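To start, the structure under review is shown below, and the notes come after it.
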Amino acid sequence: GHAWRARACAILTGIGTVRDDDPQLTVRAVETTRQPLRVVVDSKLETPLSAKILRGGPVLLAAAVDDEKRANLLCAAGAEVLVLPNAAGKVDLKGLLEELARRGINEVHAEAGCKLNGSLLREGLVDELLLYLAPCLLGDGARGLFSLPELTDLKGRHRLQVRDLRQVGADIRVLARPVNSEAH
């Protein structure tokens, strides 16, 4: 028989989502004894001490600044703080994913805003996209999915390969993978 390997999962979000939406990011729709590790990319350790994400299970704050006083307050509120700066003074996202892998986490779901989503895509750290398209139009003032540089020509586009497409209720579910642009 095949050996069954447990999939350890993390949910990745950014400080903007924590501030704007105050999510808890726990599994509530199904019974589970194991909650995913919630990971917040929070360069300046700005997560409010009252944030819901600090409750309901393990949470890791990935920072770029080594602010011991703020880190101690957040640790007392239930978080683990990991300082991983890159050369630009932001969180080293590749280093963060490598650290999660070292901890045995083999699946990371990003539930984030356009800034973190854009950074993950630009740095080549996205394996798969799961998108739900609702049958409504929000206009050009709506929040985008990825913060990316403005295109001057189509060479800079991010190509996707659709792997699965289906209707779920009134929504369209799209499973796609980024395509290496050099291959096309």
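Would you confirm whether or not the range 118-136 contains a residue that is within 15 Å of Val40 (Cα to Cα) and either hydroxyl-bearing (Ser, Thr, Tyr) or surrounded by 12 or more Cβ atoms within 10 Å (Cβ to Cβ) (or both)? Looking through the range 118-136, at least one residue is within 15 Å of Val40 (Cα to Cα) and either hydroxyl-bearing (Ser, Thr, Tyr) or surrounded by 12 or more Cβ atoms within 10 Å (Cβ to Cβ) (or both).
Only one entry of Thr17, Thr26 meets the criterion of being modelled with pLDDT of 95 or more, among the hydroxyl-bearing types (Ser, Thr, Tyr), open to solvent by less than 30 Å² (accessible area, probe 1.4 Å) and at negative phi, and that entry is Thr17. Here Gln24 clears all of (1) assigned to a loop (DSSP other than H, G, I, E, B); (2) of a type outside the set (Val, Ile, Thr); (3) within 20 Å of Glu111 (Cα to Cα); (4) touching a residue at least 40 places away in the same chain (Cβ under 8 Å) except the condition numbered (4). Whether a residue is open to solvent by 60 Å² or more (accessible area, probe 1.4 Å), over 16 Å from the mean Cα position of the chain (by Cα) and modelled with pLDDT of 95 or more was assessed, and Leu45 does not pass this test. In the range 68-93, the residues that are more than 27 Å from Leu125 (Cα to Cα) and open to solvent by less than 50 Å² (accessible area, probe 1.4 Å) reach residues that are in a helix (DSSP H, G or I) and not hydroxyl-bearing (Ser, Thr, Tyr) with C-beta atoms within less than 9 angstrom, at least six apart or across chains, in these pairs: Leu74/Leu54; Ala77/Leu54; Gly78/Leu54.
Restricting attention to the range 149-184, the residues that are modelled with pLDDT under 90 and surrounded by 11 or more Cβ atoms within 10 Å (Cβ to Cβ) add up to 2.
The values are calculated or read from the model by the stated rules, or taken from the named source; none is laboratory data. Bear in mind that the values here come from a model prediction, so they are computed numbers and not experimental data. All Cβ positions, glycine included, derive from the backbone under ideal geometry; neighbour counts span all protein chains shown. With ligands, DNA and RNA removed, areas are computed over all heavy atoms of the protein, side chains included. Shrake-Rupley method; radii C 1.70, N 1.55, O 1.52, S 1.80 Å.
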